[in-house]
Amino acid sequence: MPKAPVSPAAPASYEAALEELEQLVSRLESGQMPLEQLLSGYQRGAELLKFCRDRLEAVENQIKVLDEGSFKPWTQE
């Protein structure tokens, strides 16, 4: 009976997840990965993307609370 694949640990931080995701995308785009690695790389990328989105959403919610419920979009000036 084949063993179930072991999922890598969750990233330590948003920055770590983003760095791993960037490296993974670079490897995927190189076209040098075997098919099985492409699939597992895509799955890991989806996990990292979800992790990053969840972290960004949590920060956005904290900003909303700090702004007393009146969310103000950030603009560069």
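Nothing in this text is a laboratory measurement; each read-out follows from the coordinates by a stated rule. Just so we're clear, the structure is a prediction, and the values are computed from it rather than from any experiment. When we count neighbours, we look across all protein chains shown, and the Cβ atoms used for this are built from the backbone with ideal geometry, even at glycine.
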- Query: List, please: which pairs have Cβ atoms under 7 Å, are six or more places apart or on different chains, and start with a residue in the stretch 34-63 that is closer than 19 Å to residue 8 by Cα and end with one that is among the acidic types (Asp, Glu) and surrounded by 11 or more Cβ atoms within 10 Å (Cβ to Cβ)?
  - Reply: 48/20
- Task: Taking the options 36, 22, 57, name whichever one is acidic (Asp, Glu) and within 11 Å of the chain's Cα centre (by Cα).
- Result: 22
- Message: I'm trying to understand the selection: among the residues of the stretch 5-33, which are surrounded by 13 or more Cβ atoms within 10 Å (Cβ to Cβ), assigned to a loop (DSSP other than H, G, I, E, B) and touching a residue at least 40 places away in the same chain (Cβ under 8 Å)?
- Response: 11
